[in-house]
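Colleague: Before I ask anything, here is the structure I am working with.
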Amino acid sequence: MRAALARWAVVGAGFFLFGNLYAPQPLLPALERGWNAAAGAAGPGMSAPMLGLVLGSLLWPRTGLRAGAMLALGALGVALFGVLGAWAPGPYAWAVLRLGQGLSAAAVPGASFALLPRLFGSRAAAAAGWLVAANTVGGALGRAGAGVLAGWFGPDEALAMLALPLLGLAWAVLPLGGRFARAEARVRAGAGPLLAFGAGLLFANLFVANLLPYRLEAAGYGLAALGAFYLAYLGGTAGALLAGALSGWLGPVRAGAAALGAAGLGAALLAARPLAGFALLLAGLFGLHALGGAAAGRRGAGTSGAYVSAYYLGGALAGLVYPFFLPRPFGGALGFVGALLAFSATMLPRALAAPTAGDG
């Protein structure tokens, strides 16, 4: 019974982890008011966990810890830093604690994927799909749950409450055995466009997602409604699945062009139809991310790891850039996103094309 629970806890770990990392997004204006800080002061705190994920992914494999211990420590770290961060006295302390959350969370994704063949055998590929779905759904429901709980109890209490289920997760995964050996793998030549492409995807995603609560709150959204708005992230799950299907039919470059077109249309709709526009933008961006991840995988483990790092570095940059757009008209931000998508279009063929013998 405990072994079965541990297996499924590995699959569902990302649900709770990414739910915690992204939960503050709809609460950004409320958190800043609680600190008596300027609008956008929370930006570094949204950037820090993305940076922590990149740095932590380099550190955890070198610890030599047993798999269950690594996963349990990661989950406990996310919970601890999440609770402490909920009561942070200001945005700078919050950013430091959020960095701790990201460093802790980095213990989980790589180990989870590596454990799937051991835990599920021939069903490992299907389990990987469930794991990715759990990550994206967790991020959406974490945001939504934070808004609902904040409406009932307050923003600080909401963030602390969302961290508590990680204690149960840590207990569930602790018995898992086995250790991981770090394998060094080089990044293939010619991967630059793909890495820049990946960085731009999470940058565009989080740039818009960080800006929207300020605009929506000004339009009259309460905390619960702000949280519910972020259920639009479920559109990203659908977009990733659709892009995978289209890639098998049209090829990755044409499927990428369709996803990029959906993202562009979503960006154009954001001002007039924010929910529909955001859902469509996310469907396109997550579709492109699925194609980019597959392209990186075809280039080998080194390129795949570099792609993931570039993706999260783009998200870290978004947290530092969006505050500069808060005092400006929303049209300027949309124009910036449009320019970024246009730049992505120029890299699309080189990023998603199959590698040639000369690439490595």
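The values are calculated or read from the model by the stated rules, or taken from the named source; none is laboratory data. Since the structure is predicted, the reported quantities are computational estimates derived from the model, not experimental observations. Cβ atoms come from the backbone with ideal geometry, glycine included; neighbour counts cover every protein chain shown. Surface areas here come from the heavy atoms of the whole protein model, side chains and all, with no ligands, DNA or RNA. Shrake-Rupley method; radii C 1.70, N 1.55, O 1.52, S 1.80 Å.
Colleague: How much space per residue, in cubic angstrom, does the convex hull of the C-alpha atoms of segment 251-303 take up?
Modeller: 61 Å³
Colleague: What nm value, rounded to one decimal, do you get for the distance between Val96 and Leu5 when each label is placed 7 Å out toward the C-beta?
Modeller: About 3.7 nm separates the two model spin labels.
Colleague: Still on this structure: Quick one: with all protein chains in place, what share of the accessible area of the chain is carbon or sulfur, to the nearest percent (1.4 Å probe)?
Modeller: Carbon and sulfur atoms account for 72 percent of the accessible area of the chain.
Colleague: With loop defined by DSSP as not H, G, I, E or B, and exposure as at most 16 other Cβ atoms within 10 Å, which is the longest segment of the chain clear of exposed trypsin sites (Lys or Arg not before Pro)?
Modeller: 1-181
Colleague: Still on this model: Computed on alpha carbon atoms, what radius of gyration and Dmax characterise segment 1-70, expressed in Å?
Modeller: 16.7, 51
Colleague: Taking a ≥ b ≥ c as the square roots of the eigenvalues of the Cα gyration tensor of segment 147-306, is the shape rounded (a/c under 1.5), prolate (a/b larger than b/c) or oblate?
Modeller: The shape class here is oblate.
Colleague: While we're looking at this one, here's another question. Just grab the label-to-label distance for Trp171 and Trp35, each label 7 Å out from Cα along the Cβ direction, in nm (one decimal).
Modeller: So the label points at Trp171 and Trp35 sit 3.3 nm apart.
Colleague: Moving to a separate point now. Under a 1.4 Å probe, what is the accessible area of segment 150-309 per residue, stated in Å²?
Modeller: Ligands and nucleic acids excluded, the figure is 41 Å² per residue.
Colleague: If you average over every viewing direction, what projected area does the convex hull of the Cα atoms of segment 24-158 give, in nm²?
Modeller: 8.4 nm²
Colleague: I need the P(r) histogram for segment 200-258: all alpha carbon pairs, bin width 10 Å from 0 out to the longest distance, whole percents.
Modeller: P(r) for segment 200-258, in whole percents per bin: 20, 37, 26, 15, 2.
Colleague: Mind running the shape call on the chain? Use the C-alpha gyration tensor, a ≥ b ≥ c as the square roots of the eigenvalues: rounded below 1.5 for a/c, prolate if a/b tops b/c, oblate otherwise.
Modeller: In terms of gyration-tensor shape, oblate.
Colleague: Rounded, prolate or oblate: which fits segment 229-324, taking a ≥ b ≥ c as square roots of the Cα gyration tensor eigenvalues, rounded meaning a/c under 1.5, else prolate when a/b beats b/c?
Modeller: The shape class here is oblate.
Colleague: Still on this structure: Between Arg328 and Arg62, with labels modelled 7 Å along Cα→Cβ, what's the label distance in nm to one decimal, could you check?
Modeller: Output for this residue pair reads 3.9 nm.
Colleague: Here's something else I'd like to know. Rounded to the nearest 500, what is the chain's calculated 222 nm mean residue ellipticity when only DSSP H runs of at least 4 contribute -39500 (n - 2.57) each, over all residues?
Modeller: -26000 deg cm²/dmol
Colleague: Please arrange Leu291, Leu141 by accessible surface area, largest first, computed with a 1.4 Å probe and ligands excluded.
Modeller: Ranked from most to least accessible, the order is Leu141, Leu291.
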